[in-house]
Amino acid sequence: MVTITTDSNGNFELPKGYAKGRILVSYVGHSPFEAEVDDDAIITLYQTNSQLDETVVIAYGTTTKRLNTGNVATITSKEIESQPVSNPLAALIGRVPGVDIVQSSGVAGSSFSVQIRVGILLHKVQNHFL
């Protein structure tokens, strides 16, 4: 096994004796390429989509999971269906960061109160020098 790095254009050469045989080429963010090669093989790597690059719709626009700096929660319908509750809000209790869901009483069919945290308070701290 030989490890080889590419130049700035992605070109590389195999040392003598390795010019024929099987080759595996991999790069972060791309699907690996494995094949039999000869002296003039052209290798093309294809970019893969990561879950981090999926589009996320947020309250004020869209972003990707990679670039998102806030709280985003995903609850699937299967997760909600698996809960023994009559109201879908009850299935969300404790599962979504920044959302407080409280049932008004333990009686079936009673109402829910939903509070969504929209920000934090920043207090200005003054530096004191002794």
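All of the numbers you see were taken from the coordinates with simple rules; none came from a lab. Every value quoted in this text rests on a predicted model; they were computed, and no experiment measured them. Because the Cβ atoms are built from the backbone with ideal geometry, glycine has one as well, and the counts that use them run over all protein chains shown.
Values for this structure:
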read-out	value
For the stretch 21-34, 3J(HN,Hα) per residue [Karplus equation, 6.51 cos²θ - 1.76 cosθ + 1.60, θ = phi - 60°, Hz, x = Gly/Pro]	x, 9, 10, 10, 10, 9, 8, 4, x, 10, 6, x, 10, 9
Extended-chain gain in nm, criterion 0.36 nm per residue less alpha-carbon gap, Q47 and V96	14.4 nm
Theoretical FRET efficiency, 1/(1+(r/R0)^6), r = Cβ-Cβ of N68 and E36, R0 41 Å, to 0.05	0.45
Computed label-point distance, nm, for sites E13 and Q83 using a 7 Å Cα→Cβ extension	6.4 nm
